[in-house]
Every structure is written in C-alpha cells, then in structure tokens.
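I have placed the structure first, in the form of structure tokens, so that the comments after it can refer back to it.
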Amino acid sequence: MKMARVGVLLDRAFADKRWSHGMNVFEGYVTEVLAHAGIPFRETASTAEIGRDRFDVVIVALAEETEENASRLLSFAEQGGVVIGYAGLNKLAGKLGCVERPSVAPGYAFLPDADVPLRFLHARPWLVEEEKTGSASGTGYLRKDSPNGAKSGAALLRFPVGEGFVDRWAVDIPGTIVGLQQGTAPVWEDGVPARDGSGEVAEGILKADDRCEMDWELDRLKTETGAPYFAHPYADYWREALLSHLLGRVVGMGLTLPFLGPWPEGVPHVAMISHDSDINQDVHAEAALDVLQECGIQSTWCMIEPGYSPSIYERVKEAGHELAFHYNALDQQDGRWGADEFARQFDWLKKATGLQKVTSNKNHYTRFEGWGELFRFCETHGIEAEQTRGPSKKGNIGFLFGTAQPYFPIAWSDERNRYYDVLVVGFLTQDLDHRHLADSSVAEPFLDGVMRVEGVAHFLFHQVHIKEQPMVTDAVRKVVREARKRGFVFWTCKQINDWVRARRRVAIRDVDASGLVIVDNAAGLENVVVWVPVDAEEAANGPTELKFGIPCRKQIVTKQTVSA
C-alpha cells in the first residue's frame, strides 16, 4: 500500500494576528499529537500550498475564516482529498448545508467506540439542514455540561465533496487535550475544592492541581473501599479518537499511514516509582533501598535540600537508581518561587551528589505558579523531564490531568505557543496506604487504566513513609507485584525520557513495494516497533492487531529498514 501524504495547515499569518492580541493557538497542538504517535506529516502555512499533488489529507489546525481559504479547501476535497477540522472550518458551514450553533463548554461526547463519554472543554457544533443536504453523515453526539445534559449536535460530521470528503469534528480536540493536561489558564489562585472534603486544594498554596479541568462529581469513581479517584484519561482518549479517525480515513482511501509503537519490543508496559527525600534522614533512605532491592526495581530519587549523607548518594547510584531534583518553592518551609532560587537549589544538588547532568525534577508539594515558568527554569539548567503534575490531595488522585502519556507541553501566547523542551511525566498518586492518604485499592484500576492508553504508571512513595509506616512499604510491594502481573517493566524517569526522545527522532520515510517501512534516524534503536495500518483485504492475508481501532501489521526496525 502507498503511504498517505498528510499535511497540517497552520496559518502562520493568522497565528501572528492571534498572538498580537494575546490569544493562544492551541489548535496547533495537533502536531504534538501526531509527532508523539510517530505519524509522518508536513506542516504548511497557507491554503495556497495544499494541492492534491502534495497531500492526500489536510488537517486544518488553524486557517483564517475567509472565502478564499474556504474555496481552496473545497477544491482540494473535490479533487479527491480529505479535509479534517476540529471545531473550525466555519466558513464552510453554509456551503455544506449547515448552520453554526452556539459554542458548548464544557460537555461530554458520546462516540461509538468509546467505553465512556469523553469530557471536552470546548465545542462548536453544526446543525445539518436536511432540506439543503441529504448526503452528510454524523457520528456520535454531544451533551452539554454533563453526560445527562441537553444534546448539542453530532460529534463528527462527514460531507462528500466531489471525489473527496470534508470531515469536521465539533470538538476542539487539540485545545481540549491541552486544557486537560495543562489547565485552561495560568495558576494564580487556589482551585475549587471538592464538596465532600476529599480535595481541599484551596489552602493558600499554589499547586499544579489548582488548575484541574476535571469535574469532582462527574469524573471520579470509587473503589470497593470507597476511595475516590479520577478514573478516565480523557486527553489520551481524545488522542485515540483523533488518530483512529485519521488512520481510518487513510485506509479508506486505499493508502496506509505507518506509526510508531510507544515502547520498545519486549517492553509491553512501563511503570515508574519515584521518591521525594523531604525529611532527609539517612535511615529513611536505607529503608527505601532495602525494599527496592527486595522488589528488584530501580526508581527515581528526587532530592530536596539539605539532602542525605554523601554515602547514601553513592549507594543510590550503585543500585542503579536515578538521582533527581526536588525543587522547594514552599514558602512555609523556607522555599521560594523564582528562577534565581531554582538555580541556587539546583547548584546545591549538583555539588551534593557530584552530578553534572540531572535529567528530571519534581517540585516539592507540587508547587506551581503561572503557566510555563517552571519549564523555562528546567530548560535553562538542562533538566529534560518534569514530574510535578500530579495530585496533592487524597481525593484527586488518578488521571486528574487526563493523561498517562509523557508529553511535551505547549507555551502560552506570550511565547507564541512554542513547545517546551521538557518532557512531562506526571504521577498518579502518592504513598498508598498512608494513614492519611488513599488506600492501595486504587493500584489495580490505575495500572489497568494506564495499560489501556499505553502510558506510564507513575507512583510516588516518600522514603520517610516507607521507613515509618509498614503499610506504605507493603503498598510498594503490592504496586510492583500487580504491575508485573500485567507485564509492566519498571523504568526510571531518565530511562523514560531517554527512550521517548530517541524514539521521537525516528522518522518514517516511506513504504517500499513489499510493504516494508523505511525509517530515518533509528541507528542503535533496532527495537522500535512500527505499526502499518491495512484494509480488511490485507488483514485477511496475515496476522494483525487492532491499534486505534484499525487492523495493523507489526514490524520491528532492523538494519534493513534504516535508511543510509
């Protein structure tokens, strides 16, 4: 099968207009979604560049709503191309026999292949006027505010246009992913607490979870012991919906669009345990080292000033664990938010541990301010991975930021919505079976949820609680035991970061006549998994697996598939 040519239209001139007024262009985050999946695409800045000689599919991330742009997009579809949009393309509404409806924010989308309604943060539905068109087809539907709210139109509309199609999602999928992962505004005030008292985030300390876009009542479940948790990684589900739709359209055109598996061959799923040194007593570290040796895993140790004795750092390194940073910006404990204080504490860490390169950080008490300041702090000091985005309260554990994926965050409009060169690896919960925190009944649903989206199951355990509370120590053992039952492999944050960055450099270049995928930049990574979508006829000729709902053939990168 021939490989599809995918273009992403991101109108830079229009983006400049938006940025000049302080408006975000989170629509462009579709490029991060595609890049994370390893899907080959080319970005284009104008509808004048989208001819059928260049692309088979054009994803319209951002285009100014003009008659000229609308005409060019329709012409592309008429010539056999597929145009895909996410809550945009509104200049086409009348031309396609539709009228725009009022925006919906937030709500829930009911999709045919989804197990649960998917929370979205913004949508602009269309209403099809039946007397004007009988050819449009709808998939799924939206409900306003809650899963039981009023219906607000189809989730996805498909319009045949000449030899091709226009497919329009009512939901701003890229913006919803960004909003769930990073919030819809900077952190400058306390968040809204849970009415049941399980999530007292409004305590006068600015934290990552003060800008959580989940609903306390609608998005949590409870385990058999009554432990509440955010159950659904909606951002990852929206990624899947976007990719499933794209791949399905490509296969329907008689083409293919290979993509990369998230983890190397032989690593079905990835789990991670990290620790925050906090009280900094050597006996706490020794207890943690003992249980980790017993379990046979390596973990990530986030160190806060004044840290442990030098001998402890040597033992940690000798055991194969990662030493990381634990930036303290908690005023109540003599910390302070600021680039200079971050630099001072980081300099202490390097001197204390003897390390010149530190890969990852997690902020003490999940302290967080603004939007991108922390990521800029990390970039300045060569910190490549960031773990702060996780729960600070008993009742907001789980997928409170909608994702288990490692991802590169997007900047605010003042930085023209660039991507930070910092990989976010958030965590699910801390210190299970601690006397004041959640019990370990959540471990299994967390692991199962992460498996579903092929992300990272990251659990935080403080060394002090491992030493002083035997139930927390047993919870470490339980997490490791249950994870291994499911095929998880334990990696440090550094291992996750190094793999993700190396994998992201791999570029799918082409598919040869025999169906073999040719890749670039994969030297030394011969365990990379490539999935090749096929149609039903091709699927009948050999083994396939469903990925994003599409039958795919599996290939492993070898020396023969790496281009010179």
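Things worth noting here:
- Test: residue in segment 465-479 that is out of contact with any helix residue (DSSP H, G or I) (no Cβ under 6 Å at 6 or more places or on another chain), buried (at least 20 other Cβ atoms within 10 Å of the Cβ) and either under 28 Å from G320 (Cβ atoms) or assigned by TED's automatic domain parsing to the domain that holds K17 (or both): no
- Within segment 519-541, considering residues that are among the hydrophobic types (A, V, I, L, M, F, W, C) and crowded, with 19+ Cβ neighbours inside 10 Å, the one farthest from H245 (Cα to Cα): A522
- Being under 24 Å from the mean Cα position of the chain (by Cα) and either modelled with pLDDT under 95 or crowded, with 20+ Cβ neighbours inside 10 Å (or both) is a property that holds for A324.
- Within segment 413-440, being surrounded by fewer than 18 Cβ atoms within 10 Å (Cβ to Cβ) and not acidic (D, E) holds for S413, R416, R418, Y419, R435, H436.
- Criterion applied to I50, I84 was being modelled with pLDDT of 95 or more, of a type in the set (V, I, T) and either over 28 Å from the mean Cα position of the chain (by Cα) or more than 18 Å from A241 (Cβ to Cβ) (or both), and the one residue passing it is I50.
- Selection within segment 186-210 - in contact with a Gly (Cβ under 9 Å, 6 or more places away or on another chain), farther than 22 Å from L437 by Cβ and either in a strand (DSSP E or B) or without any contact (Cβ under 8 Å) to a residue 40 or more places away in the chain (or both): V187
- Residue in segment 81-99 that is more than 30 Å from W263 (Cβ to Cβ), exposed (fewer than 15 other Cβ atoms within 10 Å of the Cβ) and in contact (Cβ under 8 Å) with a residue 24 or more places away in the chain present: yes
Conditions tested, residue by residue: (1) over 18 Å from V453 (Cβ atoms); (2) buried (at least 21 other Cβ atoms within 10 Å of the Cβ).
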{"residue": "R211", "(1), (2)": "yes, yes"}
{"residue": "T223", "(1), (2)": "yes, no"}
{"residue": "Y234", "(1), (2)": "no, yes"}
{"residue": "G254", "(1), (2)": "yes, no"}
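- Matching helices (runs of 4 or more DSSP H) fully within segment 1-105 where at least 1 residues are within 25 Å of S135 (Cβ to Cβ) and of a type in the set (S, T, N, Q): 67-78
- When residues of segment 344-382 are limited to those that are surrounded by 16 or more Cβ atoms within 10 Å (Cβ to Cβ) and small (G, A, S), the one nearest to I205 (Cα to Cα): G372
- Candidates E314, E369 - the one that is without any contact (Cβ under 8 Å) to a residue 12 or more places away in the chain and either more than 30 Å from G487 (Cα to Cα) or touching a helix residue (DSSP H, G or I) at 6+ places or on another chain (Cβ under 7 Å) (or both): E314
The values are calculated or read from the model by the stated rules, or taken from the named source; none is laboratory data. Since the structure is predicted, the reported quantities are computational estimates derived from the model, not experimental observations. Virtual Cβ from ideal backbone geometry, glycine too; neighbours counted across all protein chains shown.
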